[in-house]
Structure formats: C-alpha cells, structure tokens
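**Q** Got a structure for you, written out below as structure tokens; questions coming shortly.
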Amino acid sequence: MAQTIAEQILSHAVGRPVEPGELVTLRPDVIMAHDSLAPSVISILQTRLGLQHVADPDQCVLVMDHVAPASTVGTADNQNLVRAFAREEGIRLFEVGRGICHQVLIEEAIAKPGAIVIGSDSHSTSYGAVGAFGTGMGSTDIALAMGTGKVWFKVPETLQVFVNGRFNDGVEAKDLALFLARRLGIDGATYMAIEYLGLEWLPLEDRQTMASMAIELGAKAGIFPPSGIVAERFAVPEWLKFDPQAKAAKRIEIDLAELEPQVALPHSVDQVVDLSVIAGQKIDVVFLGTCTNGRYEDMRQAADILCGRQIAASTRLIVTPASRQELQRAITDDTLAVLLDAGATLTTPGCGPCMGRHQGTLGKDEVCLSTGNRNFRGRMGHPTSQIFLASPGVAAASAITGQITDPRDL
C-alpha cells in the first residue's frame, strides 16, 4: 500500500498499516520537555496521575533552554526541581547553554529519520527536518506519555508541497516558509502532515527553518523525506522513502523563481507581504536567533553583510546562537568577531528573547525585526510592541540602516 512519509512512520510504530483519520496508540521514540513546562509536567505526573516515576528514562529528554540562565528566583527554583527530577529518574538532561531543545536533539541524533518525537513545545515539528515525525503536545499529554511510555494519535492527512527551481539571490528558506504562511494561512494545514518535496538539495539548516514553521500553518508535523545531506549524515531506515503513488489530501506547487524576500507584519505570521511593500519601516531591535534561524549559517550570513559596517545608532542587534555547537562554529572563524565589531550583543545559546521572558524583552511601543517564528501581540514583551518576521539577511541589512531593508540594496 502506497503511503506518505507520516503514514509510513506511524505504521512502523504501530506494527501495521494505518490510514488518515484512524486513532492509534504507540510508543514514541523520544519524549522531550524543556525548563519552561517541565515543572508542570512533573507536577501532573506525580500529583494528578499519581505516578512517581517515568515508564522508561531512556525515552525521556529534558532541556534547559527557554529561560536559561534563570531570570528570577522562581525560575531558578523551578529549574532546580527539574534537575533533581532528572537525577532521581536517570533522565538525560541538557543544561543551560547547551542550546535550544530542537537544535540539540538533532545535533545529538536523538531525533533521527523514522523516529517519533513528541515534545512540550509546539515547534517540535522541527524534527521533521531529518525525516522524523515530530510534534508538540501539552503538559498533560507529555506527563501521560512519560508515565506510561505511550501516546495516542489521530493519523493525519498529508499536504504535499512541491517546490520547483532554486532561490533567487537574496531569497532564503525563511522566505519560503513565510510565503507558505501567506498562501495557506495559519490554519491552512490544521492537523495535517506537511511533506516538503523537490528540495533534496536543501541544506539541513534550511530544512530546520521550514520544519520549525510547519506549526505556524496549524500542521501536526512538517517532514522532509530523508534525502540529500540527511541521508549522508543519518542512518535512514530502508522502509522510509517518498512514494510518488501515495495519496495526499492536498497538493500545492511553488516556483522559487517567482519568490521575493518576504516579511510577516504584526501581529500574525500569515500577514505576509513582499519586502518592498514594507521597506523603510523603522525598527528599534533586531533579533537574530531561535530554533528557526539561530544557526551558524544564519550568523555567518549576517556577518558577511555586516562586515566593515556598524549597526544604526538607533538600533540594537541581539544575537542568540541556537546551541553551543553553533556558537563554537562561529568562534572558529571571524563570524562572531564581525558581529561584535558591528555592535551586536551576544546572549547565551538558547531561546533568548523569543518568548519575551529575558535577554531582550520588548518595552512599550518598541518595534522588532526578528528571525523567529511568531509575532503575535505581546509575544516578546509589551502588548504594544510590534514584531516583524524576516530572514537573517534582511535582519542584518535592517540592523545597519535602522529600518526594514532589502540586503540586495546595500
């Protein structure tokens, strides 16, 4: 029976062929919780469910990334609770500074082709970059999964996105992700698995960008067939491969030759326009980071644009590497030096100011251009602040001019 990638992964986990709409119970390969929600997961596990231990410590991963280092006494106490739980249960714990959970699990090959990875973070769709079925769940579902070792799914329908051509100069994977939000809307793929096709040439970091933002379309998962660089770096199960005969619920086609740099306007990720429409918008802060665009390649691109230049006097540039590994890569050449010489501020690897809790929270009426994935009202701080979303290249160019700028104009 011809199946989509998502159907293949879920069928393998269940032990028989499954179909869209079917309810299944299975054992996920990985259950992840981060510092922001792990305390509630632990409380639900032990208090509401009455389970004092996890079913399988090897199945679980805990990551300190959302508010790391701790910004308040309360946050520090909660993180210490998580540390104690990890020690008592023998669970793998990635400490402050190791990086964002989604980046770390891919670097450590914990998330891998064919695996099912559930996490207490909506951007767990990121794991689809390596051909895994990654999806986010609430604290109660994560607690139940940790306590029983199992989880239930409704098998999702599949939306296939066929991409033709290559990017024009100045256009990036982030622009494609934003364009998909523009075309489909925030509910255009609700509870579907997005299958990205025609992108065998796309680097892993760009696949991570796009898979991360699958949730912004309402998707349950966003998956790349494990081809190209992923097949070279990871062991791919023989049973996992794209089948052109598989039936998808919906198919769309995109020609990259027609794609221009995109910008999402406040306060919705699907309110996207060509950059030329909003060029000249003044900004106060530029944020380069997150699980969407905080990797070495993003920092290197920004450094190439900023080399020999200074950021605008009226603008702050905050750089938050996605992981310690990505930061170390930026240290081995002049990437980090160029960014700092240009006036950037470097923060601890992790989520940084993405969710507005530390390391660059926005104040009243401030305007930010972010390489992140969300821009709803109050996301990064004060409810009157505004967030525009764009690519690392646009971010770097805009930091120089103090207004939204096309890097091709510099």
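The values are calculated or read from the model by the stated rules, or taken from the named source; none is laboratory data. Because the structure is a prediction, the values reported are computed rather than measured. So basically every Cβ, Gly included, is an ideal-geometry build from the backbone, and we count neighbours across all protein chains shown.
**Q** Go through the range 130-143 and give me each residue that's farther than 13 Å from V117 by Cβ and touching a helix residue (DSSP H, G or I) at 6+ places or on another chain (Cβ under 8 Å).
**A** S139, T140, A143
**Q** Any idea how many residues of the range 225-249 are over 20 Å from T190 (Cβ atoms) and part of a loop (DSSP other than H, G, I, E, B)?
**A** Residues that pass the stated criteria total 17.
**Q** Quickly run through the range 333-359 and pick out the residues that are of a type in the set (G, A, S), crowded, with 22+ Cβ neighbours inside 10 Å and part of a loop (DSSP other than H, G, I, E, B).
**A** A344, G350
**Q** Same structure, new question: Out of curiosity, is V230 in contact (Cβ under 8 Å) with a residue 60 or more places away in the chain and within 30 Å of D409 (Cβ to Cβ)?
**A** Values: in contact (Cβ under 8 Å) with a residue 60 or more places away in the chain: yes; within 30 Å of D409 (Cβ to Cβ): no.
Considered against the rule, which asks whether it is in contact (Cβ under 8 Å) with a residue 60 or more places away in the chain and within 30 Å of D409 (Cβ to Cβ), V230 comes out as no.
**Q** Please return the ranges of strands (runs of 3 or more DSSP E) entirely within the range 77-191 where 2 or more residues are among the polar types (S, T, N, Q) and over 18 Å from the mean Cα position of the chain (by Cα).
**A** Counting at least 2 such residues, we get 157-164.
**Q** Give the range 261-305 a look and list any residue that's of a type outside the set (V, I, T), assigned to a strand (DSSP E or B) and either within 20 Å of F167 (Cα to Cα) or in contact with an Asp or Glu (Cβ under 7 Å, 6 or more places away or on another chain) (or both), or say none.
**A** Q262, A264, D274, L288
**Q** Moving on. I'd like to verify a number: residues in the range 12-36 that are more than 16 Å from I91 (Cα to Cα) and either at pLDDT below 95 or surrounded by 15 or more Cβ atoms within 10 Å (Cβ to Cβ) (or both), how many?
**A** Residues flagged as more than 16 Å from I91 (Cα to Cα) and either at pLDDT below 95 or surrounded by 15 or more Cβ atoms within 10 Å (Cβ to Cβ) (or both) within the range 12-36 amount to 9.
**Q** Right, something else. Looking only at the range 34-51, decide whether some residue is within 30 Å of W239 (Cβ to Cβ) and of a type outside the set (G, A, S). Explain how you work it out, then say what you get.
**A** Restricting attention to the range 34-51, the residues satisfying the condition of being within 30 Å of W239 (Cβ to Cβ) are none.
No, every residue in the range 34-51 fails to be within 30 Å of W239 (Cβ to Cβ) and of a type outside the set (G, A, S).
**Q** Quick check on my filter: what residues within the range 25-82 are within 24 Å of R357 (Cβ to Cβ) and charged (D, E, K, R)?
**A** D35, D65, D77
**Q** The conditions are (1) in a loop (DSSP other than H, G, I, E, B); (2) of a type in the set (V, I, T); (3) surrounded by fewer than 18 Cβ atoms within 10 Å (Cβ to Cβ); (4) more than 20 Å from the chain's Cα centre (by Cα), and I252 fails exactly one of them. Which is it?
**A** Answer for I252: the failing condition is (1).
**Q** Which residues, taken from the range 1-45, are under 24 Å from E195 (Cβ atoms), within 21 Å of the chain's Cα centre (by Cα) and part of a helix (DSSP H, G or I)?
**A** I5, A6, I9, listed by residue number.
**Q** P266 is checked against (1) farther than 27 Å from T348 by Cα; (2) surrounded by fewer than 20 Cβ atoms within 10 Å (Cβ to Cβ) and fails just one. What number does that condition carry?
**A** Result: P266 passes all but (1).
**Q** Have a look at A231, A235, A246 and point out the one that is in the same structural domain as L159 (by TED's automatic domain parsing) and crowded, with 17+ Cβ neighbours inside 10 Å.
**A** Testing whether each residue is in the same structural domain as L159 (by TED's automatic domain parsing) and crowded, with 17+ Cβ neighbours inside 10 Å leaves just A246.
**Q** Modelled with pLDDT of 95 or more, crowded, with 17+ Cβ neighbours inside 10 Å and of a type in the set (A, V, I, L, M, F, W, C): does that describe I305?
**A** Numbers: modelled with pLDDT of 95 or more: yes; crowded, with 17+ Cβ neighbours inside 10 Å: yes; of a type in the set (A, V, I, L, M, F, W, C): yes.
So I305 fits the description; yes.
**Q** Given the structure, is V130 more than 21 Å from S323 (Cβ to Cβ), in contact (Cβ under 8 Å) with a residue 12 or more places away in the chain, crowded, with 20+ Cβ neighbours inside 10 Å and not assigned by TED's automatic domain parsing to the domain that holds P392?
**A** No; evaluated as a whole, the condition is false for this residue.
**Q** If you take the residues in the range 88-105 that are more than 22 Å from K150 (Cα to Cα) and out of contact with any Pro (no Cβ under 8 Å at 6 or more places or on another chain), which one is surrounded by the fewest Cβ atoms within 10 Å (Cβ to Cβ)?
**A** Going through the qualifying residues, I end up with E95.
**Q** Search the range 157-173 for residues being out of contact with any Ser or Thr (no Cβ under 9 Å at 6 or more places or on another chain) and over 16 Å from M210 (Cβ atoms), and hand back the single one that is surrounded by the most Cβ atoms within 10 Å (Cβ to Cβ).
**A** By that ranking, first place goes to N168.
**Q** Which residue is nearest to the chain's Cα centre (by Cα), if the candidates are limited to the range 46-76 and must be surrounded by fewer than 19 Cβ atoms within 10 Å (Cβ to Cβ) and among the hydroxyl-bearing types (S, T, Y)?
**A** Only one residue tops the list, namely S71.
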